[in-house]
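The values are calculated or read from the model by the stated rules, or taken from the named source; none is laboratory data. It should be emphasised that the depicted structure is a prediction, and the values quoted were computed from it without experimental measurement. Please note: Cβ atoms are built from the backbone with ideal geometry, for glycine as well, and neighbour counts cover all protein chains shown. Ligands, DNA and RNA are stripped out before the accessible areas are found, and what is left, the full protein with its side chains, is counted by its heavy atoms. Shrake-Rupley method; radii C 1.70, N 1.55, O 1.52, S 1.80 Å.
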Amino acid sequence: MKEIIQKDFEIYFGSEVLEKLAEILINKEYSKIFVLVDNNTKIHCWPILSPYLVNVQLIEIEAGESHKNLQNAEKIWTKLQHYKADKHAVIINLGGGVISDLGGFVAATYKRGIDFINIPTTLLGMVDASIGGKLGIDLHAFKNAVGVIKNPKYIFIDPIFLNTLSAAEKRNGLAEVCKHALIDDKSLFEKLQLTENKETLDTLLFHSIKIKVKIVKKDPFEKDLRKTLNFGHTIGHAIETYSLKNDSNPLKHGEAIAIGMICEAYISVAIQGLANNELKKISQYFIDRFPKYKGKLPAQELIEYMRNDKKNEEGFINFTLLKKIGKAKINCHCHDELIAKSLDYYQHL
Ligand SMILES: NC(=O)c1ccc[n+]([C@@H]2O[C@H](COP(=O)([O-])OP(=O)(O)OC[C@H]3O[C@@H](n4cnc5c(N)ncnc54)[C@H](O)[C@@H]3O)[C@@H](O)[C@H]2O)c1
Ligand SMILES: [Zn+2]
């Protein structure tokens, strides 16, 4: 078992973490233990976790982003109240990013805050959503519109949960694993290009987790360094929004971000001096692993979405770009024509 111990939270990684969880729960003497699941993690993940727990109350919501909302937050608060949860109760979030964002938000606000523990069960949850303390819900169509920042007490990451995850969901998380490599660690990118076997994959996963922890620890409130995590996300978010509106089978976040990373690497060549051969490697990595977007990507409409992005300041579209693989530069701006050219570049790959 590997561990990362921080001042306000602890991460345990590996195949013995659930024993560790059981041990911690005995020592902590929580007044009540709640486990939040969705209908998929109840089937696939709860049977793996349940042998390690006694006297818990399961709370279930429906799976999917559309359920990360105020109605479900209220439903969970009400259940906590119904079961007379006091300040010493704990919520264990067993699921992907929807469960950890929502369950964490509910815990951080119930009676002005009770402890919560994340057990991420998606790749995206393991390397990204469960770490860093951003919690919240969507408000109508606005993603993550209401929320707070608070860290879980513990994060237990057992790759066993990935066994039941679909290939598409794994790809979704892989985009963020690769992003961590591109912004912070060239050696991780090199290993990702080569690897496929399970043992090395687990090692790479932990490597990626360490990068996210390092960044959010130095800059928890996204004043500067944490912005490096936005690489690929300015164009990627616009593509994600566009696809949600226009496609019957819309792109997943990671798929849109993969395209965003290719386009933003192209822009990086023009204005941050990223080497052409590094752009080629990045493009090839994503083209080999992610489905190519078949529709047209209309530059003007996408740029309009980018103008509305909450990352912008003083009217400029804000980018995080690459100086080279492993080194990011925040707060970059560029002309609209270059954005359009980058979309063209992707479409002609
Ligand atoms: N807080 C943050 O810093 C942060 C960072 C990135 C993303 N997010 C949020 O995370 C969410 C996306 O997370 P996600 O991709 O994990 O989505 P998700 O939680 O919706 O999970 C994806 C799907 O996989 C299913 N699933 C989960 N674990 C499974 C398993 N082990 N086996 C089989 N099926 C399983 C879920 O039921 C769901 O249908 C978004 O709401 C996003 O805003 C938050
Ligand atoms: Zn992302």
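Summary table below
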quantity	calculated
The range 202-229: number of residues that are open to solvent by less than 30 Å² (accessible area, probe 1.4 Å), more than 11 Å from ligand 1 (Cβ to nearest atom) and either in a helix (DSSP H, G or I) or under 30 Å from I160 (Cβ atoms) (or both)	10
Residue in the range 32-39 that is of a type in the set (D, E) and within 21 Å of Y12 (Cα to Cα) present	no
Enumerated helices (runs of 4 or more DSSP H) restricted to the range 262-349, each holding at least 3 residues that are within 19 Å of Q193 (Cβ to Cβ) and of a type in the set (A, V, I, L, M, F, W, C)	276-289
Residue count, the range 230-249 (criterion: without any contact (Cβ under 8 Å) to a residue 60 or more places away in the chain, open to solvent by 10 Å² or more (accessible area, probe 1.4 Å) and touching a helix residue (DSSP H, G or I) at 6+ places or on another chain (Cβ under 8 Å))	1
Filter result for K252 (surrounded by fewer than 22 Cβ atoms within 10 Å (Cβ to Cβ), within 13 Å of ligand 2 (Cβ to nearest atom), farther than 20 Å from K329 by Cβ and in contact (Cβ under 8 Å) with a residue 24 or more places away in the chain)	yes
Qualifying residue in the range 178-191 (condition: without any contact (Cβ under 8 Å) to a residue 12 or more places away in the chain, outside the structural domain of K281 (by TED's automatic domain parsing) and either within 12 Å of ligand 1 (Cβ to nearest atom) or surrounded by fewer than 23 Cβ atoms within 10 Å (Cβ to Cβ) (or both))	no
Which listed residue is away from ligand 1 (no atom under 11 Å from the Cβ) and either out of contact with any His (no Cβ under 8 Å at 6 or more places or on another chain) or of a type in the set (G, A, S) (or both), from K134, K143, K79, K68	K79
Filtered residues of the range 335-349 (kept if within 14 Å of A299 (Cα to Cα) and either open to solvent by 80 Å² or more (accessible area, probe 1.4 Å) or not charged (D, E, K, R) (or both))	H335, E337, L338, I339, A340, K341, S342, L343, Y345, Y346, Q347
Filtered residues of the range 309-328 (kept if open to solvent by 80 Å² or more (accessible area, probe 1.4 Å) and over 22 Å from P298 (Cα atoms))	E313, E314, K323, K324, K327
Residues within the range 145-178 that are over 22 Å from V37 (Cβ atoms), within 15 Å of the chain's Cα centre (by Cα) and among the small types (G, A, S), tallied	1
Failed item, numbered, when S166 is tested on (1) in contact (Cβ under 8 Å) with a residue 24 or more places away in the chain; (2) hydroxyl-bearing (S, T, Y); (3) away from ligand 2 (no atom under 16 Å from the Cβ)	(1)
Complete set of residues in the range 28-77 that are of a type in the set (S, T, N, Q) and open to solvent by less than 80 Å² (accessible area, probe 1.4 Å)	S31, N39, N40, T41, S50, Q57, N69, N72
Looking only at the range 101-144, and only at residues there that are within 13 Å of ligand 2 (Cβ to nearest atom) and of a type in the set (D, E), the one that is farthest from the chain's Cα centre (by Cα)	D101
Residue match in the range 147-155 (condition: in contact (Cβ under 8 Å) with a residue 60 or more places away in the chain, open to solvent by less than 20 Å² (accessible area, probe 1.4 Å) and of a type in the set (V, I, T))	yes
Selection within the range 109-128 - closer than 24 Å to H233 by Cβ and open to solvent by 10 Å² or more (accessible area, probe 1.4 Å)	T122, L123, L124, D128
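Every residue, every condition in (1) touching a strand residue (DSSP E or B) at 6+ places or on another chain (Cβ under 6 Å); (2) farther than 25 Å from E65 by Cβ, yes or no:
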site	(1), (2)
F189	no, yes
K214	no, yes
N230	yes, no
Y242	no, no
